[in-house]
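Notes to accompany the following structure.
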Amino acid sequence: MTLRNSLLLGLALVAIGLWFNLVGYSGVFSSYGSLDSAFANTRLSFYIGRIVIAAALLFAPGYFDKNVFPLTIVMTLLMSFGTLGLALSFNQTLIAPTVLGSGASLLLGISYMWVDAALYVRISRSVERRLVIPTIIGAQIAEQLLGALFGSWAFGSTQLIICCLAPVIPLAVLLGVKAPRSPKRQTPPLEGEARSHFLMLIAITGVAVLAMGAMSSVGTWGANRPDYDPESGGSSFLLNGIACVFAVVCSLSLRHSSEKPISYRFQIPFLLISCSLIISLCANTLLESDAFLVNALMTGVEYFSHILFWAMIVQAMDQLEGSPYRPAGMGMLTYSVFSLLWISAIESRSDLALFVLISLVCAIVFVVSVHPRLLYERSAPSLVDSDELNEYAVQGDRLIPTEANSIGLSLMLARRCALIAHEHNLTKREAEVLNLLAQGRTKTAICQLLTISEGTVRTHTAHIFHKLDINSQQELIAIVYGSDVEDWSRELS
């Protein structure tokens, strides 16, 4: 049953993605309007509609939980009628084109974002965890290949028919695939700092998705994609095929991601996005603008950024308390607000765009790497269990296995010894001897390292044993390492 749900929901994602690509990037909807400056208003209206629905999902998710059935019908119908209204807006004289186009785009922004969120909520509730990421990847790849096919080779009338009928598929799937009434949580919920860090990751991903689109051949919604040009034909399909290969390769970094601690779950995916942004910035200066492989790479990472974005949101739906619509609203809101800022104030100014993109790379580094480290260092003084003394451990998250922290083991051991020394009122020199004894050092080795006599070492050792109420170095090691004695000893050796 879960495989059937995966296939049906994947089909619905392909349909809604194909609609998004053809409406936003093909020439059938913008060829006439682009001759009129008023067409810019329809583009802005679409993003405003997305902001409205994303804010509603974030701040009033309970309403959407209670009204899924009527909203499914209303929103999908709005998408079909809004699509037709947008197509007619600059080809009729009964209503001012800018009024009809802006109104239709506003409704499209609202309805599209809700249908997209509803599909991923249904995935989180009715698809087995091991199938979630393959479902998202498969839908994204099929969406892009079909978009390139219909965008460059289909007639305008065919594109219009596809866009008007596409919302029928998610309508049927949302009504047909039933989610469990009380979905069973698959993992313990993230709390406190771990929850805040996860939401921050989702927010920065929303910004990264727009940045990747703007820097690749995809562009932002409402602007024609070069690879959807009928004259490009097979070359555009080849570019998208290579880009899809890049996207799948990048997606391997998400394998078993839901099983990893949040502090380093998405470090590699964000590293790929950051490196791609840097490559793009350098390529714009050093290479030809039509460098095929660079365009394919950037387009592939842009596809991957969408996969990462929704994979993170589905994991948040499973691992955060509360309505699953809230993390969707968080990601969509940052994405939509940044999109509106980009097309209205940043897109036309290359110097400002460069500054923003460089700042984004720095922000990604901070959120993904520096922020969890700050959280750990802030809470480290209160950690008294050896299992908690893991590098980058964030309160409220699962523990990081000791063997995953090979670089930080010595540092963690020193911190553990410092805590024990503080608890048992050891002197500074006794704390130093304690650390060396915990490393398995002999008395002779300690004499050489600390430049003290063997008698002094024996005296310090006796004081340590007395204060800890133990009788041997092995008992001391058991206290310091806790239940992880064998793992820690193996790594340190």
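Give me the net charge of Gly331's neighbourhood, meaning all other residues with Cβ under 12 Å from the Cβ of Gly331; Lys, Arg count +1, Asp, Glu -1.
Cβ neighbours under 12 Å give a net charge of +1.
Which far-off residues, 5 or more places away or on another chain, put their amide H under 5 Å from the one on Asp229, with H placed in the peptide plane?
none
For region 129-268, what is the charge dipole size about the Cα centre, in debye to the nearest 20, if Lys and Arg each add +1 at the Cβ and Asp and Glu each add -1 at the Cβ?
Dipole of region 129-268, to the nearest 20 debye: 840 debye.
Using R₀ = 45 Å, calculate the FRET efficiency as 1/(1 + (r/R₀)^6) where r is the Cβ-Cβ separation of Ser253 and Ile452; round to 0.05.
Numbers: r = 50 Å, r/R0 = 1.11.
Result of the calculation: an efficiency of 0.35.
How large, in percent, is the carbon and sulfur part of the accessible surface of region 19-175 at a probe radius of 1.4 Å?
C and S atoms contribute 74 percent here.
Which distance in nm do the two modelled labels at Glu191 and His463 give, with both placed 7 Å along the Cα-to-Cβ direction?
4.0
Just subtract the alpha-carbon distance of Ala363 and Leu175 from 0.36 nm times their residue separation and send over the number in nm, one decimal.
63.6 nm
To the nearest 20 debye, what is the magnitude of the charge dipole of region 80-191 about its Cα centre, counting +1 on the Cβ of each Lys and Arg and -1 on the Cβ of each Asp and Glu? Before the final figure, lay out the partial values.
Values: 8 positive and 4 negative charges, 120 e Å.
Around 580 debye, computed over region 80-191.
Using a Förster distance of 51 angstrom, determine the FRET efficiency expected from the C-beta separation of Ala418 and Leu165, and round it to 0.05.
Plugging the Cβ-Cβ distance into 1/(1 + (r/R0)^6) gives 0.15.
Counting Lys and Arg as +1 and Asp and Glu as -1, what is the net charge of the other residues whose Cβ lies under 15 Å from the Cβ of Ala172?
Computed value for this residue: +3.
Using a 7 Å offset from the Cα along the Cα-to-Cβ direction at both Glu321 and Thr220, what is the distance between the two label points in nm, to one decimal?
3.8
List the lysines whose Cα lies under 17 Å from the Cα of Lys178, skipping any in the same chain that are fewer than 8 positions away.
In chain and number order, the partners are Lys66.
Tell me the net charge near Trp310. Cut-off is 14 Å between Cβ atoms, Trp310 excluded, with +1 for each Lys or Arg and -1 for each Asp or Glu.
-3
Find which of Pro170, Trp114, Leu131 sits farthest along the positive direction of the dipole of region 92-203, computed with +1 on the beta-carbon of Lys and Arg, -1 on that of Asp and Glu, about the Cα centre.
Of Pro170, Trp114, Leu131, it is Leu131.
When we measure straight from the Cα of Lys467, which lysines land under 25 angstrom away, once same-chain ones fewer than 8 places off are left out?
Lys428, Lys443
Classify region 81-165 as rounded, prolate or oblate from the Cα gyration tensor: take a ≥ b ≥ c as the square roots of its eigenvalues, call it rounded if a/c is under 1.5, otherwise prolate when a/b beats b/c and oblate if not.
oblate
The values are calculated or read from the model by the stated rules, or taken from the named source; none is laboratory data. Being a predicted model, the structure only gives us computed values, none of them experimental. In this analysis, Cβ positions are derived from the backbone assuming ideal geometry, glycine residues included, and neighbour counts consider all displayed protein chains. Quick note on the areas: whole protein, heavy atoms, side chains included, nothing else; ligands and nucleic acids left out. Shrake-Rupley method; radii C 1.70, N 1.55, O 1.52, S 1.80 Å.
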